[in-house]
């Protein structure tokens, strides 16, 4: 059990739902980041704020106002392992989409890995500013089995997993 180090009530005891709506990243080259997220991952432009040197993008299939904000900064990226965000994870509805995404990431030079985590099948990449991300498909809950309470890192044969789970929704 995790101790409450902050003193008051846990958030889960006072709200019924809490989910991530969007993420905002600092990037070193806004136009290069725009091209990556739109051309490689299929995001669309929702809003461009020239006065803030920022833009807001909508993920494919999303009905959200924006799913990703990008702000250009002259600052350099801190070393990997520094305190702060490690990576973002986006979820696809169909495992077959991972094959298309893997090809796009590979062709753009952005694919950094692919792993099976027992309950999820994941691709990893980095945008032109070095911001790391994961694109994953969640196995049906009843298939988690021994991985229900474990965090594992295993090699991934994506083609075999697509063959196995291709009709799962």
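222 nm [θ] for the chain, helices only, -39500 (n - 2.57) per DSSP H run of 4+, per residue, to 500?
-4500 deg cm²/dmol
Would you list 22, 66 from fewest to most Cβ contacts within 10 Å?
Listing 22, 66 from fewest to most nearby Cβ atoms yields 22, 66.
Taking a ≥ b ≥ c as the square roots of the eigenvalues of the Cα gyration tensor of the range 13-101, is the shape rounded (a/c under 1.5), prolate (a/b larger than b/c) or oblate?
Rounded is the answer for the range 13-101, as its axis ratio a/c remains below 1.5.
Using 7 Å Cα-to-Cβ label points, what is the residue 93/residue 44 separation (nm, one decimal)?
My value for the distance between the label points is 1.5 nm.
Order of 116, 87 from fewest to most other C-beta atoms within 10 Å?
Sorted ascending by nearby Cβ count, the order is 87, 116.
Using 1/(1 + (r/R0)^6) with R0 = 22 angstrom and r between the beta carbons of residue 107 and residue 29, what's the FRET efficiency to the nearest 0.05?
Result of the calculation: an efficiency of 0.65.
Which of rounded, prolate, oblate describes the range 93-148, given a ≥ b ≥ c as roots of the alpha-carbon gyration tensor eigenvalues and a/c under 1.5 marking rounded, otherwise prolate only if a/b is larger than b/c?
prolate
Could you estimate the translational diffusion coefficient of the chain from the Stokes-Einstein equation, with Rh from the Kirkwood formula over C-alpha pairs, at 4 °C and 1.567 mPa s, in whole µm²/s?
72 µm²/s
From a point 7 Å beyond the Cα of residue 168 in the direction of its Cβ, which residues of the range 70-102 have a backbone N at a distance under 12 Å?
Within reach of a label on residue 168, which here means backbone N under 12 Å from a point 7 Å along Cα→Cβ, the range 70-102 contributes 94-96.
Counting only DSSP beta bridges with both residues in the chain, tell me the antiparallel percent, nearest 5.
Roughly 70 percent of the beta bridges in the chain run antiparallel, per DSSP.
Taking other Cβ within 10 Å of each residue's Cβ, how do 52, 71, 36 sort, fewest first?
Final ranking by Cβ density, sparse to dense: 52, 71, 36.
Determine the relative contact order of the chain: mean sequence separation of Cα pairs under 8 Å and six or more apart, normalised by residue count, in whole percent.
Averaging sequence separation for qualifying contacts and normalising by length gives 19 percent for the chain.
Which whole-number percent gives the relative contact order of the range 72-169, counting Cα pairs below 8 Å spaced six or more residues apart?
Value for the range 72-169: 31 percent.
We did not get these values from a lab; they are worked out from the coordinates using the rules stated. All values derive from a computational prediction rather than experimental measurement. Note: ideal-geometry Cβ built from the backbone for every residue, glycine included; neighbour counts use all protein chains shown.
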